[in-house]
C-alpha cells in the first residue's frame, strides 16, 4: 500500500470540513476523489502533502520519498520561461540537471516552447508545464487538484488522454467533481459526502484502458456512478 489515509478530521473554527476520512491507495494506482465543490477534497490533498495538519487521524506512506503537486491554478512563475519554471522545481530539490528538464519538456509535448513565458501559452499548455514541473522531481506520489477545471470541454478531454500517457504507472491521487473525468481516468473512485466530508463509497473501475467515452460500457458505468452519487454524494 503506497498511501493509507485513516480517520482524518479537520475543522477551521466552527466549520467542520473533514469527518473521519479513510481510504487507501495501492502503488501504481490512479485514485480519484470525487465530491461536491467545497466538500473538503483539497483539504485532504493538503494534509497528504503536509501543507495542513489534521485535527485527528493519520497519513501513512510506504515507498513514498518524493511527492509532486499539481494545483488547479498552474502557479507558474510569470517571469520565468517554460524551461525556467521546470528548472526551478529541480533546483528547489537541490538538483542541477538541464538534461532532465529537456527530457521532461519533450515528454509532455512542449518541445519548441522552452523559451515561451506563461502569458504566451494556452491554458492547456500552462497545465502541461505544471504537470512537467511536478514530474521533474520524479515523484513516487502525484497529487492533482482539479488541474483541468478551467479548460474548455474538448481541451480537457485531450489533457485527460495526455495525462494517462504521461503518468502511466505512477501513483496518483486526483481530485475532481466531474463524474465523466473520474470514470475516464481512475482505477478507483472514492465518493465523498457533502461537507463535512466522509467516504461513503469506494468504486473499483473495471473498464480497460484506454477507455472509449462513446462506448456502451463507459455509458453504463457512468450512469451507475451518477446513481451512487445522487444517492449518497449530494445533499
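One table, with the values for the structure above:
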read-out	value
Matching option when the condition is surrounded by fewer than 16 Cβ atoms within 10 Å (Cβ to Cβ), farther than 20 Å from residue 72 by Cα and at pLDDT 85 or above, among 112, 94, 123	112
The listed residue being part of a loop (DSSP other than H, G, I, E, B), under 18 Å from the mean Cα position of the chain (by Cα) and in contact (Cβ under 8 Å) with a residue 24 or more places away in the chain, out of 115, 138	138
Any strands (runs of 3 or more DSSP E) falling wholly within the range 22-72 and containing at least 2 residues that are at pLDDT 95 or above	30-34, 56-61
Checklist (1) in contact (Cβ under 8 Å) with a residue 40 or more places away in the chain; (2) within 14 Å of the chain's Cα centre (by Cα) applied to residue 46, failing item	(1)
Residues (under 25 Å from residue 4 (Cβ atoms), touching a residue at least 60 places away in the same chain (Cβ under 8 Å) and in a loop (DSSP other than H, G, I, E, B)) located in the range 172-213	177, 186, 187, 193, 194, 195, 196, 198
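The values are calculated or read from the model by the stated rules, or taken from the named source; none is laboratory data. From a predicted model like this one, the values you see are computed outputs, not experimental measurements. Note that we place each Cβ from the backbone using ideal geometry, even for glycine, and neighbour counts take in every protein chain shown.
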